[in-house]
Amino acid sequence: MDKFIIEGPTPLKGTIPISGSKNAALPLMAAAILGNSPTTITNVPKLRDIYTFNNVIRVTGTHVIFNEDDGILTIDPANIAHLEAPYELVRKMRASFYMLGALLGKFGRAKVSLPGGCAWGPRPVDLHLEGLRAMGADIKLEEGYVIGNAPDIMDGGTFTLEPSSVGATINLVLAAVLRAKEFILKNAAKEPDVVLLCKRLVEMGADIEGVGTDRLTIRAVDHLDGVEIRNAADRIETGTFMIASAMHPQSEVTLTGVDTDDLGHFPDTFKRTGTEITMDADRIHIKAPSELNSTNISTDVYPGFPTDLQAQWATMMTQAPGRSKVTDTIYHDRFSYVPEVTRLGADMDVKENKDYIEGKTPLKGASVMSTDLRASVSLVLAGMVAEGETDVLRIYHLDRGYEDLEQKLTKVGAQIRRTDQKE
Ligand code: EPU
């Protein structure tokens with residue numbers, strides 16, 4: 001097991017290239033299974049979750065080649081014979097559950113393990129299952145597995161997601177494009193990852209109306225072809241580095257390879273902290289203010305504030321004088337970072353789904369533990385402005401979703417070293 005040793009405080013100066021998006025790539029990989037010929041996806045990041053999903057897909061008999069140096073993934077679904085996603089792999093990554101929609105849609109049968117809980121709460125999949133039933137599929141639960149059957153074309157019908165769900169929208173779209181006469185999905189997620197998936201499915205031959213809106217109408221086509229897809233830039237990595245660049249008053253950073261259209265309202269919210277940003281089509285320049293403004297945020301569905309940046313924002317607010325409030329309306333328990341950032345000297349108090357932060361507190365290096373992907377990166381952000389040495393343990397969480405994190409940050413002036421946790 002690895003850990004990071006971070007020496008701070010260090011300002012960040014220079015250029016950071018943004019990687020391809022993990023959360024956009026995963027549904028595209030599931031979509032590739034629906035094609036009748038190979039699909040090639042470019043700009044795919046080298047991340048643990050991508051390797052896990054490659055293995056999930058391989059279990060079915062699909063041929064997957066990942067050219068890691070060039071970020072090119074080729075998925076050839078010609079020989080699928082095994083319509084199952086086993087617990088050993090699904091438990092490692094919830095997005096493996098996309099195999100349910102993909103396999104059921106293409107073959108009319110699927111056996112996919114239920115994903116189980118996660119570090120900050122239960123994260124249900126009831127909407128995925130209810131939506132498939134509403135579409136006309138027979139869905140049973142047996143020994144921890146979902147068994148789906150839809151041997152013929154399903155009627156489809158109408159289903160409303162309440163609340164809106166990224167994962168359920170993806171699963172239902174994957175199931176419907178080849179197997180539902182007409183399926184109307186209301187309150188569908190409009191996150192860029194969903195929009196990209198729908199656009200590329202249309203390119204493969206799918207009939208989806210309303211792409212980019214919260215009402216999707218899908219009519220089955222008889223086949224889909226493989227295509228070449230460029231994966232989006234990671235909008236959460238972008239937001240994370242924007243926050244990192246605002247936390248030290250001497251930092252000045254340019255992010256390149258950004259999809260600025262995918263950031264929703266985030267840049268406007270970010271400017272309220274007093275940070276100067278200039279944006280072109282694919283780059284963002286960030287200049288930290290001498291003093292951050294304390295700024296409240298509340299997470300929301302896209303284009304609102306992403307829950308995946310909530311922990312990083314709260315950590316930044318430890319460096320802003322005054323009181324700020326961070327509310328998570330998507331995941332009410334997503335505050336596992338709080339006790340760890342507090343170990344570094346932050347003044348945070350969680351009540352219900354709100355984190356109240358009192359700033360500005362000097363942070364001081366200590367040993368802290370990663371609990372999930374976004375909580376872990378917050379500890380790295382805190383460590384880079386903390387006085388002295390911060391050890392971030394269990395960084396395997398970070399390797400799930402941040403490509404070359406320490407190399408990218410070291411290049412712009414951070415002092416981060418990866419080492420064996422036993423050291
Ligand atoms: N929900 C239900 N029932 C369901 C599904 C979801 O009640 O069947 C609820 C959830 O409990 C939550 C809300 O709906 O309150 C939204 O959850 P959603 O389904 O949208 O989340 P997800 O698809 O499981 C994806 C990302 C998460 C990100 C959320 C929200 C991937 C692989 N995961 O999860 O990303 O936080 O959308 O934007 O795309 C991360 O990258 O760190 C991460 C956790």
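The values are calculated or read from the model by the stated rules, or taken from the named source; none is laboratory data. Quick caveat, the model's predicted, so the values are computed rather than measured. We place every Cβ from the backbone using ideal geometry, glycine too, and count neighbours over all the protein chains shown.
Take region 358-373 and flag every residue that is closer than 23 Å to Thr329 by Cβ and either among the hydrophobic types (A, V, I, L, M, F, W, C) or modelled with pLDDT under 95 (or both). Walk me through how you get there before you give the answer.
Our first condition is that a residue be closer than 23 Å to Thr329 by Cβ; within region 358-373, this holds for 358-359, 371-373.
If the condition is that a residue be closer than 23 Å to Thr329 by Cβ and either among the hydrophobic types (A, V, I, L, M, F, W, C) or modelled with pLDDT under 95 (or both), then Gly359, Thr371, Asp372, Leu373 are the ones that fit.
Of the strands (runs of 3 or more DSSP E) contained entirely in region 169-232, those carrying at least 1 residues that are farther than 18 Å from Gly108 by Cα, touching a Ser or Thr at 6+ places or on another chain (Cβ under 7 Å) and within 16 Å of the ligand (Cβ to nearest atom) fall at 180-186.
Among the residues of region 16-46, write down those that are small (Gly, Ala, Ser) and either buried (at least 24 other Cβ atoms within 10 Å of the Cβ) or in contact with a strand residue (DSSP E or B) (Cβ under 6 Å, 6 or more places away or on another chain) (or both). Step through it out loud before you land on a result.
So the first thing to find is which residues in region 16-46 are small (Gly, Ala, Ser), and the list is 19-21, 24-25, 30-32, 35, 37.
Passing the criteria: Ser19, Gly20, Ser21, Ala24, Ala25, Ala30, Ala31, Ala32, Gly35.
Take the residues in region 96-134 that are within 16 Å of the ligand (Cβ to nearest atom) and assigned to a strand (DSSP E or B); name whichever of them is surrounded by the most Cβ atoms within 10 Å (Cβ to Cβ). The qualifying residue surrounded by the most Cβ atoms within 10 Å (Cβ to Cβ) is Val112. When each of Asp355, Asp333 is tested for being within 15 Å of Met316 (Cα to Cα) and either at pLDDT below 95 or part of a strand (DSSP E or B) (or both), the lone residue that passes is Asp355. Residues that are farther than 24 Å from Arg323 by Cβ and among the acidic types (Asp, Glu) do not occur anywhere in region 356-368. Within region 135-163, if we keep just the residues that are crowded, with 21+ Cβ neighbours inside 10 Å, small (Gly, Ala, Ser) and not in a strand (DSSP E or B), the residue that is nearest to the ligand (Cβ to nearest atom) turns out to be Ala137.
Out of region 305-330, which residues are outside any strand (DSSP E or B) and more than 10 Å from the ligand (Cβ to nearest atom)? Listed by number, the residues that qualify are Gln312, Trp313, Ala314, Thr315, Met316, Met317, Thr318, Gln319, Ala320, Pro321. Within region 233-278, restricting attention to residues that are in a strand (DSSP E or B) and in contact (Cβ under 8 Å) with a residue 40 or more places away in the chain, the residue that is farthest from the ligand (Cβ to nearest atom) is Glu252. Residue selection: Thr60 fails the criterion of being away from the ligand (no atom under 16 Å from the Cβ), buried (at least 24 other Cβ atoms within 10 Å of the Cβ) and either over 19 Å from the mean Cα position of the chain (by Cα) or not hydroxyl-bearing (Ser, Thr, Tyr) (or both). Within region 15-43, the set of residues being within 16 Å of the ligand (Cβ to nearest atom), outside any loop (DSSP other than H, G, I, E, B) and over 21 Å from Lys190 (Cα atoms) comprises just one member, Ile41. Being more than 20 Å from Ser245 (Cα to Cα), within 11 Å of the ligand (Cβ to nearest atom) and in contact with a strand residue (DSSP E or B) (Cβ under 7 Å, 6 or more places away or on another chain) is the requirement here; does Tyr302 meet it? No; evaluated as a whole, the condition is false for this residue.
Here Lys46 fulfils each of the conditions (1) assigned to a loop (DSSP other than H, G, I, E, B); (2) closer than 19 Å to Val166 by Cβ apart from (2). Among the residues of region 70-95, those that are part of a loop (DSSP other than H, G, I, E, B), farther than 20 Å from Ala137 by Cα and over 21 Å from the mean Cα position of the chain (by Cα) comprise Asp70, Ile80, Ala81, Pro86.
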